[in-house]
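The block underneath contains the structure these notes are about, expressed in structure tokens.
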Amino acid sequence: MKLTGNTIFITGGGSGIGRGLAEALHGLGNEVIISGRRKGHLDEVTKANPGMKSVELDIASPESIKSVAAKLIAEYPKLNVVINNAGIFSVDTAEGVLDDEVLVSTVTTNVFGPLRMTSALIEHLKGQDAAAVIYVTSGLAFTPLAMAAVYNSTKAAIHSYALSQRYKLKGTSVKVLEIAPPYVQTELGGDQQLNDPRAMPLKEFIDETIKVLGTDADEVLTERVKPLRNNVGPNEYEFVVKMNDMMTAAGHKS
Ligand SMILES: NC(=O)c1ccc[n+]([C@@H]2O[C@H](COP(=O)([O-])OP(=O)(O)OC[C@H]3O[C@@H](n4cnc5c(N)ncnc54)[C@H](OP(=O)(O)O)[C@@H]3O)[C@@H](O)[C@H]2O)c1
């Protein structure tokens, strides 16, 4: 996609990947509006990036989504890009009884959230000369980490939805893109992830992602995530076992 002159709304822009994308796109000459629940985080990011705007949003609440969408359309009529980045991660217990709170909160935030947000903005986006709906999924949508079966499933669901929506919007001004990150140094899985040497440094991830986002690719993939993305196929379980055995040996719960 074109990387300048857009008006971009990013969910979960107060930290991690969302903040990284927001800052990079702001620096490239786009109007950027970030959102999330923690006002302190939003204020810190807008203060560090003069001109960037923010709005409080709880993506798990249909009412919050509706009111934020209405506000965005009223205050930013040029809005032409939505980046569905907000998400949560939990370990779970697919080998036994699931914690219903983990199940409901993860599906509500990671699946209902982006679908409802996109749905609330789609008719507005269709009215723009060039627009994009971007979903942040995960390499784990393609090669699952068994200790987070619900999380992986939510990301696989969004991948599937994006394929359908891309087809349905073929020939319109709206492009449907997917960013599938590898394991990245953020707080998603807890404080230890920020400094985990096995995770990709955030800046490296953002730099490579922005480069690919500037091309015509529908799927925005870094080199690091390609083994996970490209594993899908008839013999995919072999690599799923290999990766999960490796993670277990490295001390992750499984
Ligand atoms: N880091 C990785 O290894 C990795 C790998 C693959 C995919 N991803 C995906 O990348 C995305 C960003 O994650 P991250 O790694 O940058 O972690 P992060 O720093 O924890 O960011 C998650 C963001 O989502 C927001 N969020 C969570 N629940 C929300 C809610 N109910 N309403 C509104 N905002 C909400 C959080 O803001 P508030 O708490 O302030 O609401 C936070 O800013 C997620 O979708 C994640 O699944 C990350």
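The range 1-76 holds no helices (runs of 4 or more DSSP H) entirely within its bounds that carry 3 or more residues that are within 15 Å of the chain's Cα centre (by Cα) and farther than 23 Å from Asn110 by Cβ. Would you mind stating whether Asp92 is under 24 Å from Tyr183 (Cβ atoms) and more than 16 Å from the chain's Cα centre (by Cα)? It is true that Asp92 is under 24 Å from Tyr183 (Cβ atoms) and more than 16 Å from the chain's Cα centre (by Cα).
Taking the conditions exactly as written (within 26 Å of Arg166 (Cα to Cα), part of a helix (DSSP H, G or I) and in contact (Cβ under 8 Å) with a residue 24 or more places away in the chain), does Val102 satisfy them or not? No. Restricting Arg229, Arg166 to residues that are within 17 Å of the chain's Cα centre (by Cα), away from the ligand (no atom under 12 Å from the Cβ) and open to solvent by less than 60 Å² (accessible area, probe 1.4 Å) narrows the list to Arg166. Within the range 114-145, the only residue that satisfies the criterion of being of a type in the set (Gly, Ala, Ser), assigned to a loop (DSSP other than H, G, I, E, B), within 18 Å of Ile10 (Cα to Cα) and more than 10 Å from the ligand (Cβ to nearest atom) is Ala130.
Of Val82, Val91, Val97, Val111, all but one fail to be of a type outside the set (Gly, Ala, Ser), within 21 Å of Val220 (Cβ to Cβ), more than 8 Å from the ligand (Cβ to nearest atom) and not in a helix (DSSP H, G or I); the exception is Val82. Among residues of the range 175-192 that are without any contact (Cβ under 8 Å) to a residue 40 or more places away in the chain, those with a Cβ under 8 angstrom from a residue that is within 7 Å of the ligand (Cβ to nearest atom) and open to solvent by 10 Å² or more (accessible area, probe 1.4 Å), sequence gap 6+ or separate chain, pair up as Gln185/Gln193. Has the range 159-177 got at least one residue that is of a type outside the set (Gly, Ala, Ser), within 27 Å of Asp245 (Cβ to Cβ) and assigned to a helix (DSSP H, G or I)? Yes, some residue in the range 159-177 is of a type outside the set (Gly, Ala, Ser), within 27 Å of Asp245 (Cβ to Cβ) and assigned to a helix (DSSP H, G or I).
Residue-wise test of (1) at pLDDT 95 or above; (2) of a type outside the set (S, T, N, Q); (3) under 28 Å from Asn30 (Cα atoms).
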residue	(1), (2), (3)
Ala130	yes, yes, yes
Thr137	yes, no, yes
Ala146	yes, yes, no
Ile158	yes, yes, yes
Lys170	yes, yes, yes
Ser173	yes, no, yes
Leu177	yes, yes, yes
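The values are calculated or read from the model by the stated rules, or taken from the named source; none is laboratory data. From a predicted model like this one, the values you see are computed outputs, not experimental measurements. Every residue, glycine as well, gets a Cβ built from its backbone with ideal geometry; the counts of neighbours run over all protein chains shown. Note: areas computed on protein heavy atoms with side chains; ligands, DNA, RNA excluded. Shrake-Rupley method; radii C 1.70, N 1.55, O 1.52, S 1.80 Å.
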